[in-house]
Amino acid sequence: MAENISEEEVRKVVGQVKHPVIDCTLVELGIVKDITVEDKKAIVTMVFPSPNIPIKDDLVNSLKEALNKLDVEVEVRLGVMDHEEVEKFLDMEKENWKGGA
């Protein structure tokens, strides 16, 4: 496991994780709400437009897989977007939808 990992390194890796059917990153879509680093652990808060998103586990796993390259412990905290965040997400989804599942 990595000795020390910077928040900047974690943000760089997380910022490259793309949504599988929307041509945007999870950060751009507002799904990644917060990132903190404590010791050797990256804590990422992910929020979704509703609690029952079918690909939620896939999105969480894609984030974890990306962070595995940094050899850091990962904790993902889940939540639901507020109304304003949902509106922004839906606008971006509409503009950047590439289809598929």
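We did not get these values from a lab; they are worked out from the coordinates using the rules stated. The structure displayed is predicted, hence computed values, not measured ones. With ideal geometry, Cβ positions are generated from the backbone for all residues, glycine too; neighbour counts draw on all protein chains shown.
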Condition (residue is among the hydroxyl-bearing types (Ser, Thr, Tyr), more than 12 Å from the chain's Cα centre (by Cα) and farther than 17 Å from ALA66 by Cα) applied to region 2-17: is it met by at least one residue? no
Scanning region 35-74 for residues that are part of a strand (DSSP E or B) and among the aliphatic types (A, V, I, L, M), the one surrounded by the fewest Cβ atoms within 10 Å (Cβ to Cβ) turns out to be ILE43
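Hey, among the residues in region 21-34 that are surrounded by fewer than 18 Cβ atoms within 10 Å (Cβ to Cβ) and of a type outside the set (S, T, N, Q), which one's farthest from PRO54 (Cα to Cα)?
ASP34
Residues in region 52-77 that are under 19 Å from GLY15 (Cβ atoms), without any contact (Cβ under 8 Å) to a residue 60 or more places away in the chain and either hydroxyl-bearing (Ser, Thr, Tyr) or in contact with a strand residue (DSSP E or B) (Cβ under 8 Å, 6 or more places away or on another chain) (or both): how many? Quick ask: steps written out before the conclusion?
Initial filter on region 52-77 (under 19 Å from GLY15 (Cβ atoms)): 58-72, 74-77.
Adding the requirement that they be without any contact (Cβ under 8 Å) to a residue 60 or more places away in the chain leaves 58-69, 74-77.
Still in the list and also either hydroxyl-bearing (Ser, Thr, Tyr) or in contact with a strand residue (DSSP E or B) (Cβ under 8 Å, 6 or more places away or on another chain) (or both): 59-60, 62-64, 67-68, 74-77.
Looking only at that region, the number is 11.
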All conditions in (1) loosely packed, with under 14 Cβ neighbours inside 10 Å; (2) in contact (Cβ under 8 Å) with a residue 60 or more places away in the chain; (3) over 19 Å from ASP23 (Cβ atoms) are true of GLY99 except (3)
